[in-house]
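The structure appears below as structure tokens.
Since every read-out is calculated from the coordinates, none of them should be taken as a lab result. Because the structure is predicted, anything quoted here is derived from the model rather than measured. We place every Cβ from the backbone using ideal geometry, glycine too, and count neighbours over all the protein chains shown.
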């Protein structure tokens with residue numbers, strides 16, 4: 001199982017410290033290179049103990065977009081995906097409460113005006129603004145222009161070998 005801690009607000013509502021991470025959960029990264037960022041879980045790699053998060057991407061050497069794999073020990077769950085019947089059973093067993101529509105709304109959505117909800121809205125706005133900027137940056141990289149302070153190895157054409 002690939003378990004992660006629950007956020008303090010979920011922990012307070014449910015009385016549960018950790019849960020298995022599932023696709024569709026919303027997580028906040030608390031440690032590592034991407035600390036402070038939020039996103040929805042795209043994929044869970046149980047054999048590696050890592051997850052992929054939507055909105056966190058890198059460029060590969062070929063120029064492809066890849067999702068870096070983030071250790072579950074570096075994340076906390078901020079919103080639960082309750083579509084899975086097994087997860088509902090786990091929550092019912094641990095809390096002693098039956099999962100009703102009211103309890104589901106309380107668990108699966110962050111509190112109004114909470115820090116988590118504000119960050120998610122900012123991230124969604126940022127992702128919308130990033131899309132046009134990325135397409136403008138690609139031609140510069142294709143032409144081989146160097147960014148200020150960037151170091152690269154000279155090509156065979158440049159060295160004459």
TODO: Return the FRET efficiency for the residue pair residue 31, residue 105: r is the Cβ-Cβ distance, R0 is 41 Å, and the value is rounded to the nearest 0.05.
DONE: 0.85
Task: Stretchable slack from residue 42 to residue 23, in nm (0.36 nm times residue separation minus alpha-carbon distance) - done: 6.3 nm
Open item on the list: Just to be sure I understand the model, the point goes 7 Å from the Cα along the line to the Cβ. What's the resulting residue 3 to residue 161 distance in nm?
Closed with: 5.4
